[in-house]
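Notes for the one structure printed next.
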Amino acid sequence: MPGKTLEQLNRDEERFGNRLLAGLLDDLPDVVIVLDPQGLVQWGNRAAEGLFGRTLQDSIGLPALDLVHPEDVELVLRSLTSVQRKQTGTLIEVRVKTGTGWRLLEVIGTPIAWLGAPAVLFVMRDLTERRRFEVAHNEEAHLRSLVHNAATVTFLVSPTGVVDSVSGALSRVLGHDPELVEDRPLAELVSEADRPELLDAFERASLGACASNPVTVTLRLVRHASSETVPFELSLVNLLDDPIVSGFVVSAHDITARVAAELELLQTLSLLTATLDSTADGILVVDRAGRISSFNNQFAEMWRLPDSILATRDDAVVISFAIDQLANPEAFQAKVAELYANPEAESSDTLEFTDGRVFERYSRPQRVDGTAVGRVWSFRDVTQRKRTEEELRESEQQFRQVFNQGPIGIALVDLDSRIMNANRALCRFVGRTRNELVGATFASFAHPDDADKESELARQLSAEMIPSYQTETRFVTDVGEVVSANVTASVIRGEHGAPIYGLRIVEDITKRKRLERELVAHATTASKLLASVTPRETEILALLCDGYTASRIAERLSVSVRTVESHLANGYRKLGVRTREDAAAEFARLTLAVTDLKKGLPGSASGKEYGEEFGTLLAKFPYVGTSRT
């Protein structure tokens, strides 16, 4: 066979050495395991198989950290990392899950080369029974066990701020290896921004800080190999004069949960304050002793309270300052005294101010867990609402007066043109009671010749084909009398523009129509009579009406006086008069009647104007009905 190379000889020697080492370690009574840098099991002796209750073949490649107690994982990780840079690691105590349950093991490690790769050899010894004995019979061991497993990190710090020793909790809560922290300044564990506060705390503690009155400071401590910080409260006790300690004992409490709770409370209070300040109501909270617990800005503004008064936090002082603003201060004070004497009572009333303002006041007990601990006062400025309500009442009263006492007929109709309400004037006009009219249409008591026209116009208005209409309509009363009316119809719309009901204004024009007929008859007669007068006679009579004498007329017309007298005589006869004065008057009357007939008889716009005015008034508030006729 050819000779082996040096590299082969070295590998053979390494294998022989590993086998020899494994054989020696396999016979040891202590547990020995080999882990790779990631913490995976590479080898274990028979004692390890017995402790963990599994064979070597079943264990190779498994993560050893799975067997470590969750609270000790950080400590083991730091030890596994740090031991790879040393000859021998620091002795640590770790809780490990074995085949018989959790056991306390003493662990020490050293870096080795295993099968040509870097690894760590750990030797473990079960301390469980010994520690139980020591804790039961030795107070020092008991105390050491408590400190090691407590949630609080305990430091012994020299007068210069260097860590002399630290409890194992440091690894559990922040991941630092205690061995690497010792002999280093405590400030290195503190966030750089908080280091001045740590220095200040040590300076204050150096002046005196006992266990019953330690110096406390809130700082952020840095996690291992990370920029992440954790909030801690540090308590410093001065033992510089103690010959054994000669330094400071520093206890560090993780206050992450407390800080989160305080932040949540702060956010809740901020939201509550913002909510109270955004409400339109003034809020005041007073405790059982008469001290002001809380108030919002609106309360201060509504009651015009200066900061100096509010700063007293005294309810009595606030009342004394504000009470002169009220129209009835005695009643106000009486109600306050009554409610404070009855902590469970609730109340609501109205406050009137001397300057015309009006507040609604509400009061109820403030309860915590069902017990009244104070009183909450709420004030709402309703000045504008009260004014609006008063204006609405006045408008409604005016509407009712116009509706019930107006001289023109008024009806409110629904969208099907059926009468919802009718005033007295309309009832008198058509000779029917309100009950008889409600539910009927105007077409139902219109003259037969006008009924179809009325129905069609109402249909077009309801269908929004026309915005309004005005027409002359004849109606038949309960006794069969025909009366005439000028009907103005329109639509009343709601706040958003949708039609809600209709308005009918009915103006009685019966007398006017009768007069018109008489005037038409008179004008027709006058026209016929004037038609019998010749043009020359008409010309002479017109000049006579202007005050001309016969001689002036003759001169004006270039005729003789005799001719004028002749025409006048014919005119007198045709007009049925005997004197010049009567002729002038009769001719003027007949001429005016004919002129009016040609121009058309004057109508009345009062019905339309009345309807527009009433519709404006009606639109100010919803229809609520009127009194019966």
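In segment 263-280, the residues that are within 25 Å of Met302 (Cα to Cα) and assigned to a helix (DSSP H, G or I) reach residues that are modelled with pLDDT of 80 or more and β-branched (Val, Ile, Thr) with C-beta atoms within less than 7 angstrom, at least six apart or across chains, in these pairs: Leu276/Ile283.
Could you grab me the full set of residues in segment 252-274 that are of a type in the set (A, V, I, L, M, F, W, C) and farther than 20 Å from Leu189 by Cβ? Within segment 252-274, Ala257, Ala260, Ala261, Leu263, Leu265, Leu266, Leu269, Leu271, Leu272, Ala274 qualify. Taken over segment 552-571, the criterion of being free of Cβ contacts under 8 Å to residues at least 12 places away in the same chain and of a type in the set (S, T, N, Q) is satisfied by Ser558, Ser560, Thr563, Ser566. Val430 meets the conditions (1) touching a residue at least 24 places away in the same chain (Cβ under 8 Å); (2) among the β-branched types (Val, Ile, Thr); (3) under 22 Å from Ser468 (Cα atoms) in every case but one. The failed one is (3). Scanning segment 472-525 for residues that are among the small types (Gly, Ala, Ser), in contact with a Leu (Cβ under 6 Å, 6 or more places away or on another chain) and under 23 Å from Arg459 (Cα atoms) yields Ala489, Ser490. Taking residues in segment 228-240 that are free of Cβ contacts under 8 Å to residues at least 24 places away in the same chain, and partners anywhere that are surrounded by 18 or more Cβ atoms within 10 Å (Cβ to Cβ) and of a type in the set (S, T, N, Q), the pairs with Cβ atoms closer than 7 Å and at least 6 places apart or on different chains are Ser235/Ser251.
Across segment 406-423, what is the total count of residues that are open to solvent by less than 70 Å² (accessible area, probe 1.4 Å) and either part of a loop (DSSP other than H, G, I, E, B) or closer than 17 Å to Ser484 by Cα (or both)? Show your work before the answer.
Residues of segment 406-423 that are open to solvent by less than 70 Å² (accessible area, probe 1.4 Å), as a first pass: 406, 408-414, 417, 419-423.
Add one more test, that the residue is either part of a loop (DSSP other than H, G, I, E, B) or closer than 17 Å to Ser484 by Cα (or both), and what stays is 406, 408-411, 414, 417, 423.
The qualifying residues number 8.
Here is the figure for segment 221-240: residues that are open to solvent by 30 Å² or more (accessible area, probe 1.4 Å), farther than 19 Å from Pro178 by Cβ and among the β-branched types (Val, Ile, Thr) total 1. All but one of (1) closer than 23 Å to Thr441 by Cα; (2) charged (D, E, K, R); (3) out of contact with any strand residue (DSSP E or B) (no Cβ under 9 Å at 6 or more places or on another chain) hold for Asp414; which doesn't? The failed condition is (3). Here Arg400 meets the list (1) more than 25 Å from Lys511 (Cα to Cα); (2) touching a strand residue (DSSP E or B) at 6+ places or on another chain (Cβ under 6 Å) almost entirely, failing just condition (2).
The set of residues in segment 188-217 being hydroxyl-bearing (Ser, Thr, Tyr) and either open to solvent by 70 Å² or more (accessible area, probe 1.4 Å) or more than 23 Å from Pro178 (Cβ to Cβ) (or both) consists of Ser206, Ser212, Thr216.
Kindly check whether there is at least one residue in segment 608-619 that is at pLDDT below 85 and not in a helix (DSSP H, G or I). Steps first, please.
Going through segment 608-619, the residues at pLDDT below 85 turn out to be 608-619.
Within this subset, residues satisfying the condition of being not in a helix (DSSP H, G or I) are 619.
Yes, segment 608-619 contains at least one residue that is at pLDDT below 85 and not in a helix (DSSP H, G or I).
Whenever a residue of segment 520-535 is open to solvent by 60 Å² or more (accessible area, probe 1.4 Å), its partners that are in a helix (DSSP H, G or I), lying with C-beta atoms within less than 6 angstrom and at least six residues away or across chains, give the pairs His522/Ala593. If you go through segment 396-411 and keep only what is under 10 Å from Leu426 (Cβ atoms) and modelled with pLDDT under 80, you end up with just Gly406. Among the residues of segment 62-86 satisfying the criterion of being open to solvent by less than 40 Å² (accessible area, probe 1.4 Å) and modelled with pLDDT of 90 or more, which is farthest from Asp177 (Cα to Cα)? Looking at residues that are open to solvent by less than 40 Å² (accessible area, probe 1.4 Å) and modelled with pLDDT of 90 or more, I get Ala64. Of all the residues in segment 104-123, those that are farther than 14 Å from Leu80 by Cα, open to solvent by 20 Å² or more (accessible area, probe 1.4 Å), of a type in the set (A, V, I, L, M, F, W, C) and over 60 Å from the mean Cα position of the chain (by Cα) number 4.
All conditions in (1) more than 30 Å from Ser158 (Cα to Cα); (2) modelled with pLDDT of 80 or more; (3) of a type in the set (A, V, I, L, M, F, W, C) hold for Leu239, with the sole exception of (1).
The values are calculated or read from the model by the stated rules, or taken from the named source; none is laboratory data. What you see is a predicted model; the values in this text were computed from it and never measured. Counting neighbours? That spans all protein chains shown, and the Cβs are built from the backbone with ideal geometry, glycine included. Areas reflect the complete protein model, heavy atoms only, side chains present, ligands, DNA and RNA absent. Shrake-Rupley method; radii C 1.70, N 1.55, O 1.52, S 1.80 Å.
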